[in-house]
Amino acid sequence: MYDVAIIGSGPAGLSASIYAKRAGLHAVTLEQNPMSGGQVLNTYEVDNYPGLPGINGFDLGMKFREHADKLGCEFREAVVEAVKENAQGFTLVTDGGELQAKTVLAAMGATHAKLNIPGEEELSGMGVSYCATCDGAFFRGRVTAVIGGGDVAVEDAIFLARGCEKVYLIHRRDELRAAAVLQKELMALPNVEVIWDTVVEKISGEDQVDSLLIKNVKTGEKKALLVDGVFVAVGIIPSGGLLQDLVDCDEKGYLIAGEDCATSRPGIFAAGDLRKKKLRQIVTAVSDGANAITSILDYLLNHVE
């Protein structure tokens with residue numbers, strides 16, 4: 001019987017693992033991927049994590065995991081298929097068997113949202129990508145497009161501009177949502193062109209992306225845009241479906257939990273990108289992990305025999 005089962009090993013889960021170990025809790029961290037770090041692994045450069053300006057995401061993720069390993073935190077590679085309540089706490093059903101825990105910390109993060117347009121699924125991995133830092137090197141010297149208008153989309157366009165001949169940033173509105181400092185950097189790049197008020201209706205190509213069908217939402221005009229690759233950066237979808245029947249969620253599927261990370265169901269806590277909150281950054285995910293363990297300690301002391 002574990003004191004806490006932490007589902008997910010991104011920044012929130014790894015932070016929780018470290019704090020749980022230091023607090024003397026019997027904890028296990030369950031990760032479905034062979035490498036810890038979550039979305040941070042796909043971030044080319046992290047310039048806003050205190051004390052480590054300019055570190056790349058992969059290295060930061062590895063530092064988090066190294067810290068946890070140094071303390072002797074327990075990890076298991078497993079896919080959690082269900083969480084069920086029992087008299088002592090919870091049963092977690094995984095693809096490798098069941099385990100018991102007094103509390104559960106959901107830290108599964110989020111996944112990339114899709115456009116759900118013709119050609120997207122068919123050409124995934126053949127010019128359609130959701131990670132510029134993962135796949136950008138394949139398009140060096142070529143023409144690419146980024147779809148979106150937030151921080152991630154602008155960061156992707158800036159990153160791709162370093163190696164691509166031309167980068168289009170396609171946004172459905174007439175202004176970007178990205179941070180001002182990112183917008184300033186983007187607009188200064190000579191090989192980036194922003195296509196405003198436009199959506200992508202179709203991705204075309206035989207064995208590789210060769211064009212996009214784009215539509216101006218104000219004029220209705222449609223035309224083909226020749227590109228070699230397209231990077232979709234239109235948001236994230238919380239990965240909390242596993243617990244949506246157990247705890248309260250908002251209309252987008254984010255688990256509702258305050259700064260103490262406690263959900264509506266006693267004994268279940270939420271940390272990181274799947275928690276309903278205003279700011280989703282590495283530093284806030286790490287903070288959630290620490291807050292969650294503090295709340296779990298209090299719960300175990302006051303509500304569990």
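The values are calculated or read from the model by the stated rules, or taken from the named source; none is laboratory data. Quick caveat: nothing in here was measured; it's all calculated off a predicted structure. FYI the Cβ positions are ideal-geometry reconstructions off the backbone, even for glycines, and counts take in every protein chain you see.
Of note:
- Residue in the stretch 51-73 that is surrounded by the fewest Cβ atoms within 10 Å (Cβ to Cβ), counting only those that are farther than 17 Å from ALA285 by Cα and in contact with a helix residue (DSSP H, G or I) (Cβ under 7 Å, 6 or more places away or on another chain): GLY72
- Hits in the stretch 263-283 (condition: outside any loop (DSSP other than H, G, I, E, B) and buried (at least 18 other Cβ atoms within 10 Å of the Cβ)): ILE268, PHE269, ALA270, ARG275, ILE282
- Residue in the stretch 285-295 that is over 28 Å from THR91 (Cβ atoms), outside the structural domain of GLU122 (by TED's automatic domain parsing) and touching a Ser or Thr at 6+ places or on another chain (Cβ under 7 Å) present: yes
- Restricting SER239, SER295 to residues that are within 30 Å of LEU123 (Cα to Cα) and polar (S, T, N, Q) narrows the list to SER239.
- Out of ASN48, ASN86, sole residue that is loosely packed, with under 15 Cβ neighbours inside 10 Å, over 20 Å from the mean Cα position of the chain (by Cα) and among the polar types (S, T, N, Q): ASN86
- The set of residues in the stretch 1-31 that are surrounded by fewer than 18 Cβ atoms within 10 Å (Cβ to Cβ) and touching a strand residue (DSSP E or B) at 6+ places or on another chain (Cβ under 7 Å) comprises MET1, HIS26.
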